[in-house]
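Structure first, commentary second.
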Amino acid sequence: MFSSAGFAKTWQYIDLFRQGLVCTISLSLFTVIFGFVLALVLALMRLSRFKVLKTVAAAYVELFRATPMLVQLFVVYYVLLGGLSLPAVKLFGFIRFERFLPGVVALSMNSGAYLSEIIRAGIQSIDAGQTEASRSLGMSAFQTMKYIVLPQAVKNILPAIANEFVTIIKESSICYTIGVQEIMYAVNATKGATYRVAEPLVIAAAVYFCLTYPTSKIIARFERKMGNGYKR
């Protein structure tokens, strides 16, 4: 049950939640950046004329969409990076790099699989006539993709990419299982120190809400503005 004494005890460890907030935001930002780069490569592979590239990209996407995020995280942490001696440095003075990096890698690989389908759909939504017109002007396939197709596709999928950022904020909570000092790690540490679990969970839920709700509203407003921009 909740109690004022329980919240008073939990409040003594509020610095852990502040650190968790910084770690969660950092984790999400790095994941969106690296996940987008990976997703772009996968999307271009899926649209390639080479069957091998298309098959590899399709297999990757299906594998990561069909397996649990927790399994992927453990495979990255214990198998792929488990044998490496990562630098024992601390980001911002408290985030352990050797645990933070596997979290970013796992989340980016998972996010890349989902974002690649969004990017692929965005590229395919661009009228083929624009590609034909650019090629008739002497532009190469690379130039056409870089200067004609991608700028328009990215504009169309920006809201979806922003929504992925909100999703990653929530999914990053799973990284506490490998010792990443995000919000749920703060809950676990506070529970161990105070023997209270309800109050730390309430604070964690409030922090996640304060992160995701305003972000969702900003994204919704951005989508409306983009929609108004297309009206004639």
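The values are calculated or read from the model by the stated rules, or taken from the named source; none is laboratory data. Quick caveat, the model's predicted, so the values are computed rather than measured. Counting neighbours? That spans all protein chains shown, and the Cβs are built from the backbone with ideal geometry, glycine included. Areas reflect the complete protein model, heavy atoms only, side chains present, ligands, DNA and RNA absent. Shrake-Rupley method; radii C 1.70, N 1.55, O 1.52, S 1.80 Å.
With respect to Gly129, is the statement that it is under 24 Å from the mean Cα position of the chain (by Cα) and part of a helix (DSSP H, G or I) true? Working first, answer last.
Details: under 24 Å from the mean Cα position of the chain (by Cα): no; part of a helix (DSSP H, G or I): yes.
Against the criterion (under 24 Å from the mean Cα position of the chain (by Cα) and part of a helix (DSSP H, G or I)), Gly129 does not qualify.
Of the residues in the range 8-20, how many are part of a helix (DSSP H, G or I), open to solvent by 40 Å² or more (accessible area, probe 1.4 Å), of a type outside the set (Gly, Ala, Ser) and out of contact with any helix residue (DSSP H, G or I) (no Cβ under 6 Å at 6 or more places or on another chain)?
Counting residues in the range 8-20 that are part of a helix (DSSP H, G or I), open to solvent by 40 Å² or more (accessible area, probe 1.4 Å), of a type outside the set (Gly, Ala, Ser) and out of contact with any helix residue (DSSP H, G or I) (no Cβ under 6 Å at 6 or more places or on another chain) gives 4.
Between a residue in the range 66-83 that is more than 15 Å from Phe100 (Cα to Cα) and any residue that is open to solvent by 60 Å² or more (accessible area, probe 1.4 Å), which pairs come within a Cβ distance under 6 Å, given they are 6 or more apart or on different chains?
none
Just to be sure, is Thr55 at pLDDT 90 or above, in a loop (DSSP other than H, G, I, E, B) and exposed (fewer than 15 other Cβ atoms within 10 Å of the Cβ)? Can you show your working first?
Numbers: at pLDDT 90 or above: yes; in a loop (DSSP other than H, G, I, E, B): no; exposed (fewer than 15 other Cβ atoms within 10 Å of the Cβ): yes.
For Thr55, the condition - at pLDDT 90 or above, in a loop (DSSP other than H, G, I, E, B) and exposed (fewer than 15 other Cβ atoms within 10 Å of the Cβ) - is not met.
Going by the conditions given, is Ser216 buried (at least 17 other Cβ atoms within 10 Å of the Cβ), small (Gly, Ala, Ser) and part of a helix (DSSP H, G or I)?
Details: buried (at least 17 other Cβ atoms within 10 Å of the Cβ): no; small (Gly, Ala, Ser): yes; part of a helix (DSSP H, G or I): yes.
No: the conditions fail for Ser216.
Can you tell me which of Phe64, Phe34 is assigned to a helix (DSSP H, G or I), aromatic (Phe, Trp, Tyr), touching a helix residue (DSSP H, G or I) at 6+ places or on another chain (Cβ under 9 Å) and open to solvent by 60 Å² or more (accessible area, probe 1.4 Å)?
Values: Phe64 fails: open to solvent by 60 Å² or more (accessible area, probe 1.4 Å).
None of the other options fit; the residue is Phe34.
Taking the range 167-180 as the search range and keeping residues that are in a helix (DSSP H, G or I) and open to solvent by 10 Å² or more (accessible area, probe 1.4 Å), which one is nearest to Tyr114 (Cα to Cα)?
If we take residues in the range 167-180 being in a helix (DSSP H, G or I) and open to solvent by 10 Å² or more (accessible area, probe 1.4 Å), then Thr167 is nearest to Tyr114 (Cα to Cα).
Could you tell me whether Glu132 is farther than 30 Å from Gly179 by Cα and either open to solvent by 60 Å² or more (accessible area, probe 1.4 Å) or without any contact (Cβ under 8 Å) to a residue 12 or more places away in the chain (or both)? I'd like the intermediate steps shown before the answer.
Values: farther than 30 Å from Gly179 by Cα: yes; either open to solvent by 60 Å² or more (accessible area, probe 1.4 Å) or without any contact (Cβ under 8 Å) to a residue 12 or more places away in the chain (or both): yes.
So Glu132 passes the test.
Has the range 70-88 got any residue that is of a type in the set (Val, Ile, Thr), loosely packed, with under 11 Cβ neighbours inside 10 Å and either out of contact with any Gly (no Cβ under 9 Å at 6 or more places or on another chain) or assigned to a loop (DSSP other than H, G, I, E, B) (or both)? Write out each step before concluding.
Filtering the range 70-88 down to residues of a type in the set (Val, Ile, Thr) leaves 71, 75-76, 79.
Narrowing the set further to residues that are loosely packed, with under 11 Cβ neighbours inside 10 Å leaves 71, 79.
Of the ones still in play, those that are also either out of contact with any Gly (no Cβ under 9 Å at 6 or more places or on another chain) or assigned to a loop (DSSP other than H, G, I, E, B) (or both) are 71, 79.
Yes, the conditions are met somewhere in the range 70-88.
Which of the residues belonging to the range 98-127 are over 30 Å from Val75 (Cα atoms) and either open to solvent by 60 Å² or more (accessible area, probe 1.4 Å) or touching a residue at least 40 places away in the same chain (Cβ under 8 Å) (or both)? It would help to see each step written out before you state the result.
Just the residues of the range 98-127 that are over 30 Å from Val75 (Cα atoms), to begin with: 122-127.
Across the range 98-127, the qualifying residues are Ile123, Gln124, Ser125, Asp127.
Can Leu40 be described as open to solvent by less than 50 Å² (accessible area, probe 1.4 Å) and assigned to a loop (DSSP other than H, G, I, E, B)? Give the derivation first.
Values: open to solvent by less than 50 Å² (accessible area, probe 1.4 Å): yes; assigned to a loop (DSSP other than H, G, I, E, B): no.
Spelling it out, it is not the case that Leu40 is open to solvent by less than 50 Å² (accessible area, probe 1.4 Å) and assigned to a loop (DSSP other than H, G, I, E, B).
Do we have Ala5 as at pLDDT 95 or above and surrounded by fewer than 18 Cβ atoms within 10 Å (Cβ to Cβ) here? If you could, list the steps in order and put the result at the bottom.
Details: at pLDDT 95 or above: no; surrounded by fewer than 18 Cβ atoms within 10 Å (Cβ to Cβ): yes.
No.
Report yes if Leu201 is over 17 Å from Leu70 (Cβ atoms) and either modelled with pLDDT under 80 or part of a helix (DSSP H, G or I) (or both), otherwise no.
Here the answer is yes, as Leu201 does meet what is asked.
I'd like the residue in the range 148-159 that is in contact (Cβ under 8 Å) with a residue 12 or more places away in the chain and either over 16 Å from Ile33 (Cβ atoms) or hydroxyl-bearing (Ser, Thr, Tyr) (or both) and, out of all such residues, is surrounded by the fewest Cβ atoms within 10 Å (Cβ to Cβ).
Keep residues of the range 148-159 that are in contact (Cβ under 8 Å) with a residue 12 or more places away in the chain, which gives 148-150, 152-159.
This time we only want the ones that are either over 16 Å from Ile33 (Cβ atoms) or hydroxyl-bearing (Ser, Thr, Tyr) (or both), so: 148-150, 152-153, 155-156, 159.
Working: Ile148: 18, Val149: 22, Leu150: 18, Gln152: 15, Ala153: 22, Lys155: 12, Asn156: 18, Pro159: 17.
Restricting to residues being in contact (Cβ under 8 Å) with a residue 12 or more places away in the chain and either over 16 Å from Ile33 (Cβ atoms) or hydroxyl-bearing (Ser, Thr, Tyr) (or both), the top hit is Lys155.
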